1. First measure r as the distance between the Cβ atoms of D215 and S413, then evaluate 1/(1 + (r/R0)^6) with R0 = 25 Å and state the FRET efficiency to the nearest 0.05.
2. Quick one: L321, L367, fewest Cβ neighbours within 10 Å first, how do they rank?
3. Set Lys and Arg Cβ to +1 and Asp and Glu Cβ to -1, take the dipole of the stretch 6-234 about its Cα centre, and tell me which of I37, P130, Q192 lies farthest positive.
4. To make sure I understand, if each residue's beta carbon is the centre and we count other beta carbons within 10 Å, what order do S490, S147, S478 fall in, fewest to most?
5. Once you list every other residue whose beta carbon is under 13 Å from the beta carbon of I466, what net charge do they have if Lys and Arg are +1 and Asp and Glu are -1?
6. Starting from the Cα of A169, move 7 Å in the Cα-to-Cβ direction to define the label point; list residues of the stretch 188-230 whose amide nitrogen is under 18 Å from there.
7. To the nearest 20 debye, what is the magnitude of the charge dipole of the stretch 98-250 about its Cα centre, counting +1 on the Cβ of each Lys and Arg and -1 on the Cβ of each Asp and Glu?
8. According to the square roots a ≥ b ≥ c of the eigenvalues of the Cα gyration tensor, what is the shape class of the stretch 6-234, taking rounded for a/c under 1.5, prolate for a/b larger than b/c otherwise, and oblate for the remainder?
Amino acid sequence: MTHPHQGIFDKVRNLRTSATERDAADRRIYDVRNGRIEDVFPGMFSEDFPKPIIANFVDIAARSVAESLAPLPAFNASATNMVSDQARSRADKKTKGMWHYIERSNLQTQMYSGADYYASYGRMPILVEPDFASRVPRFLILDPRNSYPEVDRWGKCRSYSRVFRKTIAELCAEYPEHAQRIAGPYEKPYSQSMVEAVLYMDDSCTMLYLPDRKDCVLAYAENSLGECPVRIARRPGLVEGRGQYDDILWTQVARNRFANLAMAAAEAATEAPLAVPYDVQEVALGPLALIRSSTPEKIRRVGTELPQAAFAESQLLEQELRIGARFPESRSGNVDASIITGQGVRALEGGFDSQIRAAQDVFVDTLGQAMELALRMDEHYWPDVERSIRGQQDGVPYEIKWKPSRDIAGDYSCDVSYGFSVGLDPNRSLVFILQLLGAQLISKDLARRQFPFGINTTQEEQRIEIEGLREALLASVSGYAQSIPMLAQSGMDPSEAVNRMAAIVKGRQKGKALEDVIASAFAPPKPPPGEVPTGSEQLPLAPGGMAAPGGPQMPAGMPPGGGGFDVLSMLAGLNSGGSPTTNVNVKREIPI
C-alpha cells in the first residue's frame, strides 16, 4: 500500500541527491572555519605542525563581512495618505507592531549569524513561526547546511526540507508513542545512537519524519495559513547556493604550506654547522662558548640562502586570498601611508562596499517578504485578540493596544529600506539629504525616514513642534520681561509684571512644566462672587509678544523663535575634494 505522504518522501530524496556537491562545499567551509582544515586537506600537514601556523583568513574575512551586513534596515508601515494625521498615526502604530515582532524574535542578534550564513554558504533562510504562548509571530534564522529549498521560477520558496540528527534517547523522550519504531528491534530507547530526521514544510503541511526508520512520521500538522513559512535570501550568481569563500580554501592551504617551508628554512639556517679553520682542535657549544683560533674571522656557520622567490610567492598568495574573498587590505588596518586619504581609502574599499550594497538589496526583499508573512500570520491566528505590547523603537519606549483585525485590517504592506543614501558615509549622507530637502525635492517626513540612523519619525515630528512652540512661548515671556523697565520709567506700577516673572521662575525651580507655569502666572484674576467679567479687562497683546498691562508693547519685528535659525538656512555642499561642508551664520538683534 502506498504511503499517503510518499510524494513528499520522494521529493526530499531527489532534492538531497541534486544538492550533493553543494553539501560537500558547505562541509568544507564549515570545517575550515571551525579550525579543522586538516580534515579537509589531510596530506598537507606534518606531525610537527598538525594545525595551520597562519591565521584563519577565511574566518576573519567572513566575520568582518557579517558584522558589516548584520545591522537591520528600517521597517515602516506607509499610509495611503501621508498628509492625513489619522492615517499617519495608524501607520505609526502598525510600525510599532512590526518592531514588536522583531524585538520578541531577537532578530538583530540573529542577523549576525544570518549574515555569516549568507556570505559563507550563499543563502540565509528565515522561518516565520507562530508563538501560541505569547501570541506573536517570531522570526528564526536557520542554519542553511543540510537544507533543501524548493524554489519556483519567481523565486518564491514552495517547500523547505531540513535534515538533522538526534539521538534515539532524545527522540523517544519527545515522541514516546513512536518509541518502538524509533529504537528498532536491536536498540534500546535510551541508546545514544544518532538517527537522521527530516523536517518538511510547505504551503499545506509541516511534517517531521525519520527516513532511516521506513519514513516513520513523528508529527504532522496542516498549514491553515496556506503559505510556506520560510523565506530565503539567496546570494546572486551563476551557481545557486555558492558561497563567497569556496575558491580560496586551497589558497589558504598553499599559504600555510609556504609558511611551513619558510619556518623550516629559518630553522635550517639557525642550526647550520660551524665552519672552523684547521688550527681549532676543540669546539665548545652553547652560549658564551670559547673557541681558540689564530684566524677567528674564518669561524662561521655554513650559509643557507633563502630564495627570495619564496617570500614573493607568499605575498602573491595573500593577495589572491584577499581578491578571492573581496576583503581589501584596508579592512585589517594595514594601509600604505601614501594613500591615507578619504578618496584613497574609499577606492581601496570599493569592492567591499559594492558587495555590502548588493547583499543589502537582497536582504530588503527577503526581510520585507518575511514581515508581510508575519503580519498575515498575526491576523490569521489571533485576529480579535487585543493585547498590550510594549518595547522600544529606535531607543524610544512605547506601549500600545494591539488588535490585528483593527490595526492590520488586511494591509500587509511594509516598507523596508536601508535609505537611499546607502553606501555613503554618515557625513555625506546627511549633506545629501539636506541638499534634497533644501531644493524641496523631498518632504521632511521622507528625509527623516532616510537618515543613516533610526528614529521614530512621528514622535520626532511631534517633539520638534513642541520645542518650537515652547521656544515661541519663552520668547514671548522674555519680551514681556523687557517691558518692566519701560513701565518703571513711565511712572506706572511694574509690580504685577515682576510678580508674574517671579512666579514663573519659582515654578520652574520646583520642576513644573514651562507651559503650565506660564499659564498659571498669566491666568486672569477670579472675579468677585456675583460679578461677570467683561472683555475690557483683557490685557492688550503686542503683535509679537505677551500682554503688557498699561505699558508699551513688544516690537512687532521680534521673531517668535527668539532669533533662532532654521536648518535649511545652512549651506550644505561639497568642496573640491569631495568632503562635505556646512556653513552656519547666526545673527541676533534686540530692537531699540
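Each reported figure results from applying straightforward, stated rules to the coordinates on display, with no laboratory input. The structure presented is a predicted model; accordingly, all values stated were derived computationally and were not measured. Quick reminder, even Gly has a Cβ in these numbers, built from the backbone with ideal geometry, and neighbours come from all protein chains shown.
1. Efficiency for this residue pair is about 0.05.
2. So the ranking, lowest neighbour count to highest, is L321, L367.
3. My answer, from the dipole projection, is P130.
4. Neighbour counts put them in this order, fewest first: S490, S478, S147.
5. Details: positive: R463, R470; negative: E460, E461, E465, E467, E471, E515.
Neighbour charge sum, excluding I466 itself: -4.
6. It comes to 188-196, nothing else.
7. Values: 19 positive and 21 negative charges, 34 e Å.
About 160 debye.
8. Numbers: a/c = 2.15, a/b = 1.23, b/c = 1.74.
It comes out oblate by the Cα gyration axes.
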